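The values are calculated or read from the model by the stated rules, or taken from the named source; none is laboratory data. Not measured: the values here are computed from a predicted model. We place every Cβ from the backbone using ideal geometry, glycine too, and count neighbours over all the protein chains shown.
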Amino acid sequence: MRPALIRAFAALLLLLASASPACAEEEKPVSLRMLCLGDSYTIGEGVPESERWPSQLADALRKRSLSVADPQVIARTGWTTANLQEAIAAAELKPPYDLVTLLIGVNDQFQRKEHDDYAARLDALVKRALELAGGRKERVVIVSIPDYSVTPFGKRFDPERTTQELEHFNATGLAAAKQAGLAYVDITPGSKRAATEGALLAPDGLHPSAAMYAEWVQAILPVVEPVLVPKPKS
């Protein structure tokens, strides 16, 4: 074989070798990315990371043969809507996310923040969540605030007033979701069962246990699964 042909053949082999990994990489399934925004209820205060509801939701989706990355969680115990806004602004985010969840407001209520201020910040957070989902309304889920007034901790702080205020805050959340055309999952009624079912509470007597979080996942799953499951090609 002539030297020129040998060189050309070698160059072709090199090109094919360098292209193969890229092709293989493109064929790998892309993991769905979840971004979960909130406070102690999202970070899972009182339970291991694997038992908080974003992790349980990811596991449930994986059992349905979906490739799901570990959820990115921006949440901390005690955060209000204002704290969450600041944290999102400071975070290194890489939208669009395949699913964005928002559960926030209990600390605005507990700290007696003005409801109108809460409503305005919630509207801003809903808009930001929609942006982070790439403008895809079906990829954003708003979750209601549980009623902690029935817990041993909550009973120390005028539980009747707490329930009334949380109902007001949740009505605001539902209205914000409807206005934006987003899904709203109401987990509040089930949270009231903690009044008589201690197994639904973490050891701190305030936050949900893994069992209650599992119930939240069962409520959220039917909303998000149809959106995330790939549609067959026509």
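Residue-level check: of (1) more than 20 Å from L102 (Cα to Cα); (2) polar (S, T, N, Q); (3) in contact with a helix residue (DSSP H, G or I) (Cβ under 6 Å, 6 or more places away or on another chain), T196 misses just (3). Scanning the range 163-190 for residues that are of a type in the set (D, E, K, R) and in contact with a Gly (Cβ under 9 Å, 6 or more places away or on another chain) yields nothing.
Of the candidates G78, G46, the single residue that is in contact (Cβ under 8 Å) with a residue 40 or more places away in the chain and either touching a Ser or Thr at 6+ places or on another chain (Cβ under 7 Å) or more than 27 Å from V229 (Cα to Cα) (or both) is G46. Condition first: aromatic (F, W, Y), closer than 17 Å to N83 by Cα and touching a residue at least 12 places away in the same chain (Cβ under 8 Å). Can you find one or more residues in the range 170-186 that meet it? Scanning the range 170-186 turns up no residue that is aromatic (F, W, Y), closer than 17 Å to N83 by Cα and touching a residue at least 12 places away in the same chain (Cβ under 8 Å). For V224, the conditions (1) modelled with pLDDT under 95; (2) under 17 Å from the mean Cα position of the chain (by Cα); (3) not acidic (D, E) are fulfilled apart from (1).
Of the residues making up the range 146-187, those that are under 12 Å from V106 (Cα atoms), in a helix (DSSP H, G or I) and touching an Asp or Glu at 6+ places or on another chain (Cβ under 9 Å) are S149, G154, T162, T163, L166, E167, F169, N170. For the range 58-73, the criterion of being at pLDDT 95 or above and at positive phi is met by none of the residues. If you check D123, D70 for being touching a residue at least 12 places away in the same chain (Cβ under 8 Å) and under 16 Å from A183 (Cα atoms), only one passes: D123.
Per-residue answers, yes or no, for (1) surrounded by fewer than 14 Cβ atoms within 10 Å (Cβ to Cβ); (2) in contact (Cβ under 8 Å) with a residue 40 or more places away in the chain; (3) among the charged types (D, E, K, R):
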residue	(1), (2), (3)
P159	no, no, no
E165	no, yes, yes
P189	yes, no, no
A199	yes, no, no
P208	no, yes, no
E215	no, no, yes
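Restricting the range 43-64 to residues that are of a type outside the set (G, A, S) and in a loop (DSSP other than H, G, I, E, B) leaves a set whose member that is surrounded by the most Cβ atoms within 10 Å (Cβ to Cβ) is R52. Applying the set (1) exposed (fewer than 14 other Cβ atoms within 10 Å of the Cβ); (2) closer than 18 Å to L125 by Cα to K231 leaves exactly one unmet item: (2).
No other residue among L122, L130, L93 is of a type in the set (A, V, I, L, M), farther than 19 Å from W216 by Cβ, touching a helix residue (DSSP H, G or I) at 6+ places or on another chain (Cβ under 8 Å) and surrounded by fewer than 17 Cβ atoms within 10 Å (Cβ to Cβ) apart from L93.
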